[in-house]
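Worksheet for the structure shown next.
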Amino acid sequence: MDPIVSIKALSKRYANGFEALKSVTLDIEKGEILALLGPNGAGKTTLISTICGIVTPSEGSVTVAGHDIVTDYRKTRAMIGLVPQELTTDAFESVFDTVSFTRGLFGKKRDDAVVERVLKSLSLWDKKDNKIMMLSGGMKRRVLIAKALAHEPEILFLDEPTAGVDMELRKDMWEVVRDLRRTGVTIILTTHYIEEAEEIADRIGVINNGELLLVEEKQALMQKMGQKQLTLDLQAPLDALPDSLMDYALELGDGGTSLTYTYDTQAKRTGITALLGDLSAAGISFRDLRTSQSSLEEIFVSLVKDSA
Amino acid sequence: MNFQAVKAIYLFEMARTWRTIWQSIVSPVVSTSLYFVVFGSAIGSRIETVEGVSYGAFIVPGLIMLTLLTQSISNASFGIYFPKFTGTIFEILSAPVSFFEVVIGYVGAAATKALMIGLIILLTATLFVDIRIAHPLWMVGFLVLTAISFSLLGFIIGIWADSFEKLQLVPLLVVTPLVFLGGAFYSISMLPEAWQSVALANPVVYLISGFRWSFFEVSDVPVGISLAMVGLFLALCLGVIWWIFKTGYQLKK
Ligand SMILES: Nc1ncnc2c1ncn2[C@@H]1O[C@H](COP(=O)(O)OP(=O)(O)OP(=O)(O)O)[C@@H](O)[C@H]1O
Ligand SMILES: [Mg+2]
């Protein structure tokens, strides 16, 4: 199946010369939930804003359902809903009116039933006549989501949807996101939090300094997370690994005083027993041992560090 | 053409007008009445008639133009500046609308409001003086064209401005003086010879002259030239707006 969003060698240089995106290439599949993970200033918002038409690309191209976002913007933008990172809402309008306005802006006929359904799904119905400025921050965030859904988009961008949001709303929001996915909506969200990506996403992309470092199925990333390290503190430092241990994935560290063995917990045989046997056969004894598990967090941090 | 979007923007902007309808109407009515008291009564008692028209009536077209211009500019400039300021402009930028449609929505609403106020002032004026309108169709034509042209100018100002100060600057520093010097309260022919030719460089002179002609059939410049000048100004504003949207000036990063 053709990807619903196809980003090819997309670069963005801002007016001040800053290069916020460096040749990003990414395909987003229809119906998936993709989480873009990255630290502050990584370029997540820039990437999303470019696809939505708020930022003009410097180089490269983006197509949405096969249509170019620049030449065919009417088609592409009509398919997209965007929840921005900042809480930018009108102040004096009522909740109902502002959501209805967005629907019209995106070219759809006024339909109060749709607006009602969207507001109800976000528990905003009892606030429909309130002025937006009277709402709390979390409520405003819901209004922004409602606006983004008002024209029944096929693709939804959520730029840091959980910033400043309590547990309750977060749960509600993921419920809405899952419901949308069930109806075939493609969802792209950005976040700083790995747990969040882990909880909701099908695929995870890591972005830093304007570069897309990796995009992988969540399962595959979890697999990596399934790796464990066994670290042995040696009695006497080693200069080099003896030949008999060359077949193991071993690393000598701390000036030769520690050995680290990486293994897969999901494998049938971890190889630990054999390793320990071969170690004593080689006359290597150790004072202490410990195991550790690399979390997605660590994978992420090491990726980001390597790219810096 | 995304008619739904044009309608949505237009109605959204008009809703803003209705919310503040009383202050929108009261302040121009009060200031117009003041002009009548000061200019019409105080000065009018010394200047009986200008070109055969009683002074009180003579200033009515100028007064309407003064309000029409300032209202058009401030409505349109505020209308587009505000979403830029609060950030809600993101929604317009990410919507499947052409810039042309955005302009129709914003400028249409700004011009509508200015026209409403212009008509209210005309009604207020009839309380003070007798007014006959020789060419009602021309009058409405001038009103509409002027409201649209200057709403376009306001739109440009709103996009250009990056602070509230700048938003006030052009109306205050450029438009108001031009209107006062443009013969709102006198006929250009009352000026010394040398100043008459200077005055002809002021575009507002043509507006007021043409508009006044539609009332009293007296004018400083031929009405055809007035109309051509309004058309020229309209085309100029459209050109600038076309350029703004082509380049994304002050809107897109
Ligand atoms: N208009 C602009 N002009 C110049 N540089 C900009 C502009 N907007 C963003 N940047 C820079 O581009 C980089 C990427 O910004 P972006 O907002 O895309 O990051 P982000 O990944 O969304 O960060 P965060 O997690 O903080 O939201 C940052 O270094 C930022 O300073
Ligand atoms: Mg961001």
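Estimated purely from DSSP H runs of n ≥ 4, each contributing -39500 (n - 2.57), the mean residue ellipticity at 222 nm for chain A is -10000 deg cm²/dmol once divided by its residues. In order along the stretch B:101-111, the phi-based Karplus estimate (6.51 cos²θ - 1.76 cosθ + 1.60, θ = phi - 60°) of 3J(HN,Hα) comes to 5, 4, 5, 4, x, 5, 5, x, 5, 4, 5 Hz; Gly and Pro are listed as x. Within the listed set B:210, B:105, B:231, the residue fluctuating most in the Gaussian network model of chain B (springs between alpha-carbon atoms under 10 angstrom) is B:231. Using just its DSSP H runs of length 4 or more, each adding -39500 (n - 2.57), chain B gives a mean residue ellipticity at 222 nm of -24000 deg cm²/dmol after division by all residues. Taking all protein chains together and rolling a 1.4 Å probe, residue A:92 ends up with roughly 100 Å² accessible.
Residue ranking by accessible heavy-atom surface, 1.4 Å probe, largest first, among A:211, A:93 comes out as A:211, A:93. How much net charge surrounds residue B:216 when only the other residues with a Cβ under 13 Å from the Cβ of residue B:216 are counted, with Lys and Arg +1 and Asp and Glu -1? Once positives and negatives cancel, what remains is -2.
Each part gets one Cα centre, and for the stretch A:250-280 versus the stretch B:31-105 those centres are 82 Å apart.
With springs only between Cα atoms under 10 Å apart, run a GNM on chain A and tell me which of A:133, A:167, A:79 wobbles the most. Its mean-square fluctuation being the largest, the pick is A:167. Buried surface between chains B and A: roughly 2400 Å² of accessible area, summed over both sides, computed with a 1.4 Å probe on protein heavy atoms only. The convex hull drawn around the Cα atoms of the stretch B:145-253, when projected onto a plane and averaged over every direction, covers 7.6 nm². Applying 1/(1 + (r/R0)^6) with R0 = 45 Å to the Cβ-Cβ distance of residue A:29 and residue A:276 gives a FRET efficiency near 0.50.
For the pair the stretch A:106-158 and the stretch A:176-249, the centres of their Cα atoms are 35 angstrom apart. About its Cα centre, chain B has a charge dipole of approximately 700 debye under the convention of +1 per Lys or Arg Cβ and -1 per Asp or Glu Cβ, with nothing else charged. Of A:213, A:275, the order by accessible heavy-atom surface (1.4 Å probe, DNA, RNA and ligands excluded), from most exposed downward, is A:213, A:275.
Within the stretch B:1-90, report the trypsin sites (Lys or Arg not before Pro) that DSSP leaves as loop and that have at most 14 other Cβ atoms within 10 Å.
B:46
Round to the nearest 10 and give me the degree value, 0 to 90, for the angle of helix B:3-19's Cα axis relative to the longest principal axis of chain B. It works out to around 60 degrees.
Of the beta bridges in chain A, as assigned by DSSP with both residues counted there, near 70 percent are antiparallel.
To the nearest 10 degrees, how steep is helix B:136-160 against the longest Cα principal axis of chain B, on a 0 to 90 scale? Between the helix axis and the principal axis of chain B, the angle is about 50 degrees.
Spherically averaged projected area of the convex hull of Cα atoms, the protein assembly as shown: 34.3 nm².
Excluding same-chain neighbours fewer than eight residues apart, the aspartates and glutamates reachable from residue B:84 by a Cα-Cα span under 19 Å are A:86, A:90, A:93, B:13, B:101, B:162, B:165. The C-alpha atoms of chain B occupy a region whose extents along the principal axes are 59, 38, 34 Å, arranged from largest to smallest. Here's the picture: charge each Lys and Arg Cβ at +1 and each Asp and Glu Cβ at -1 in chain B, and of B:222, B:203, B:152 the one pushed furthest to the positive end of that dipole is B:152.
Say the cut-off is 25 Å between C-alpha atoms; which of A:147/B:113; A:120/B:113; A:30/A:147 go over it?
From A:147/B:113; A:120/B:113; A:30/A:147, over 25 Å: A:147/B:113; A:120/B:113.
With every protein chain in place and a 1.4 angstrom probe, the accessible-area ranking of B:138, B:243, B:213, A:125, largest first, reads B:243, B:138, A:125, B:213. Using only side-chain charges placed at the Cβ, +1 for Lys and Arg and -1 for Asp and Glu, the dipole size of the stretch A:227-294 relative to its Cα centre rounds to 340 debye.
Which log10 I(q)/I(0) values does the stretch A:30-165 give at q = 0.14, 0.15 Å⁻¹ under the Debye formula, counting every alpha carbon as one identical point scatterer? Taking Cα atoms of the stretch A:30-165 as identical point scatterers yields -0.67, -0.77. Our summary gives chain B a relative contact order of 26 percent, counting only alpha carbon pairs under 8 angstrom and 6 or more residues apart.
If you bin all the Cα-Cα distances of chain A at 10 Å, starting from zero, the percentages per bin are 6, 23, 26, 19, 12, 9, 5, 1, 0. Note that the protein assembly as shown presents 46 Å² accessible area per residue, ligands and nucleic acids not counted, probe 1.4 Å.
Rolled with a 1.4 Å probe across the full set of protein chains, the surface gives residue A:181 an accessible area near 80 Å². Dividing the convex hull volume of the alpha carbon atoms of the stretch A:227-294 by its residue count gives 79 Å³ per residue. Note on residue A:193 and residue A:227: the extension gain reaches 10.2 nm, defined as 0.36 nm multiplied by sequence separation minus the Cα-Cα distance. In the stretch A:227-294, Cα pairs under 8 Å separated by at least six residues give a relative contact order of 51 percent.
As a quick test, which of the pairs A:131/A:171; A:12/B:246; A:22/B:252; A:268/A:305 have an alpha carbon distance above 21 angstrom in this structure? Table pairs above 21 Å Cα-Cα are A:131/A:171; A:268/A:305. Computed from Cα atoms, the angle from the helix B:223-247 axis to the main principal axis of chain B rounds to 20 degrees.
On the principal axes of its alpha carbon atoms, the stretch A:198-247 extends 46, 25, 20 Å, with the longest extent given first. Expressed per residue, the C-alpha convex hull volume of the stretch B:51-138 stands at 111 Å³. Close amide H contacts of residue A:208 (hydrogens built in the peptide plane, cut-off under 5 Å, sequence separation of 5 or more or a different chain): A:213.
With the dipole of chain A worked out from charges on the C-beta (+1 for Lys and Arg, -1 for Asp and Glu) around the Cα centre, which of A:50, A:292, A:245 lies farthest toward the positive end? Result: A:50, furthest along the dipole toward the positive end. Split the accessible area of the stretch A:37-152 by element, probe 1.4 Å, and carbon with sulfur accounts for 51%.
The values are calculated or read from the model by the stated rules, or taken from the named source; none is laboratory data. Only a predicted model underlies this, so the values are computations on that prediction, with no experimental measurement involved. Using ideal geometry, Cβ is built from the backbone for each residue, glycine included, and neighbour counts are taken over all protein chains shown. We work out accessible area using only protein heavy atoms, side chains counted, and drop any ligands, DNA or RNA first. Shrake-Rupley method; radii C 1.70, N 1.55, O 1.52, S 1.80 Å.
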